[in-house]
């Protein structure tokens, strides 16, 4: 039996507890709250959470409803309304603003979106908070012929700019603090966070009916606020941008989302870049066809972020590039998309990607999205040091160019591939590789067709130059064919001559072997005859008494020449 002494050690297993983050409840007391993950929780109303409260709101007259909506907007933007000044009140928290924003969206769902946003001037207040300089100055464009973002802003947002600036509801924001002065933001952080929360609440609670009112310039505001100094504003901006992209109609991607996201990728704030890349990857799920058609414009913008010095931007760009490239429905290149994306992000993987493309059999028509994915990798492969890698790229270009559907699809990439193919055709020392480059150049020139032709003199000169290059390529190919035919004829004559020489040499060697054999037999016969004569001469040296005539002994000495 074991004994227990003072030195006996006991082990007690302590149950693990879930790690929590300290927070504050609505009343301001300390409370353990779990830290939320990457997906924001659904917004729930604070006061309009029951049917009775909603019915009470509907029972008020229009003036009282307007007062209630105004108070909800103030609460959502960070102002605590004092019912009794003698009672102390806690500062506004993010939870309070979320509840007030959800209340405002619920009220808009019951009373009407136009009544809440327009007549109660909530839209004006949100625009004043998110666009301090005015939405016209931020997005306007006096000359519509040169493009710009003004046409992409919703008509409701533009129509609401006139009454912005002097109403009593906006007076409270001038007394608050917490601005991003270093980013040129003169409005308080709580108000900007509240505006973003209101937009998100409209997206989640109202849904599609709110799309014409919130989808527009507010997407640009949400992307820009991702670079705010305030953590709560950044979090609200990310959630709002996600909700807006999810709510947007797929057909607005080309005219609205794509320009805004590409512009956000050029921001100096790395968080704005990361969020723009994440939203573009989200668009690949919500609007895959529209993203696929816009790949020629999207891939250069995303590829430019792959080499960003910030690791977060680099990682987000790689994930975004993979997501948008997978929207391409071409079954021929779909298995090679991971290798192509990896080659774009890591140049050392270019040869592996080209090798995989080399084994691809192109059957489906090659369109502009497919070319936008493959041409940058093929152009880089043509610049490789080893000639074998250049040959593989030329073969892929040749096979790909034969199935180009329209000259307009390949025209933007002609300047990327044609000069490199010319360098390979003129500088590589191996004739076989030069021939492959000429074949690829001929196929690409044929695919380009008249896409370079313009109505002016420059276009005509460019077209004439292309025709001359095409004729030069055909002449060079004909010259190479004639040289190869002559070389083959020369090789055939040399082969026949060599075979004839081998035959004569074989006959001569056989005759020589026969002569050598005859000479050996003759020498052997002569040797046998000489031995016989020598033996006869030896025997003739003995006298009658049996003694040797040379040494005089019956048994010759070793020195006797007649000794056997």
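The values are calculated or read from the model by the stated rules, or taken from the named source; none is laboratory data. None of the values given here were measured: they were computed from a predicted structure. Note that we place each Cβ from the backbone using ideal geometry, even for glycine, and neighbour counts take in every protein chain shown.
If I filter the stretch 287-310 for residues that are surrounded by 17 or more Cβ atoms within 10 Å (Cβ to Cβ) and farther than 29 Å from residue 403 by Cβ, do I get at least one hit? Among the residues of the stretch 287-310, at least one is surrounded by 17 or more Cβ atoms within 10 Å (Cβ to Cβ) and farther than 29 Å from residue 403 by Cβ, which makes the answer yes.
The residues on offer are 275, 249, and the sole one that is closer than 26 Å to residue 207 by Cβ and surrounded by fewer than 19 Cβ atoms within 10 Å (Cβ to Cβ) is 249. For the stretch 435-464, residues that are over 14 Å from residue 397 (Cα atoms) and modelled with pLDDT of 65 or more total 2. Close Cβ contacts (under 6 Å, 6 or more residues apart or on different chains) running from residues in the stretch 199-226 that are within 18 Å of residue 258 (Cα to Cα) to residues that are outside any helix (DSSP H, G or I) comprise 212/154; 215/248; 216/153; 216/154; 217/153. All of 473, 410 fail the test of being in a helix (DSSP H, G or I), at pLDDT below 90 and within 27 Å of the chain's Cα centre (by Cα), apart from 410.
Quick one: which residue in 401, 359, 348 is without any contact (Cβ under 8 Å) to a residue 40 or more places away in the chain and over 23 Å from residue 307 (Cα atoms)? Explain how you work it out, then say what you get.
Working: 401 fails: without any contact (Cβ under 8 Å) to a residue 40 or more places away in the chain; 348 fails: over 23 Å from residue 307 (Cα atoms).
Just a single option satisfies the conditions, and that option is 359.
Based on this model, can you work out whether residue 173 counts as touching a strand residue (DSSP E or B) at 6+ places or on another chain (Cβ under 8 Å), part of a helix (DSSP H, G or I), modelled with pLDDT under 60 and more than 25 Å from residue 253 (Cα to Cα)? Reasoning before the result, please.
Numbers: touching a strand residue (DSSP E or B) at 6+ places or on another chain (Cβ under 8 Å): yes; part of a helix (DSSP H, G or I): yes; modelled with pLDDT under 60: yes; more than 25 Å from residue 253 (Cα to Cα): yes.
Yes, satisfied.
Going by what's in this entry, would residue 261 be described as buried (at least 22 other Cβ atoms within 10 Å of the Cβ) and at negative phi? For residue 261, the condition - buried (at least 22 other Cβ atoms within 10 Å of the Cβ) and at negative phi - is met. Per the conditions (1) over 20 Å from residue 187 (Cα atoms); (2) at pLDDT 85 or above; (3) surrounded by fewer than 22 Cβ atoms within 10 Å (Cβ to Cβ), the sole criterion not satisfied by residue 86 is (2). Is it fair to say residue 364 is surrounded by fewer than 18 Cβ atoms within 10 Å (Cβ to Cβ) and more than 18 Å from residue 284 (Cβ to Cβ)? Considered against the rule, which asks whether it is surrounded by fewer than 18 Cβ atoms within 10 Å (Cβ to Cβ) and more than 18 Å from residue 284 (Cβ to Cβ), residue 364 comes out as yes.
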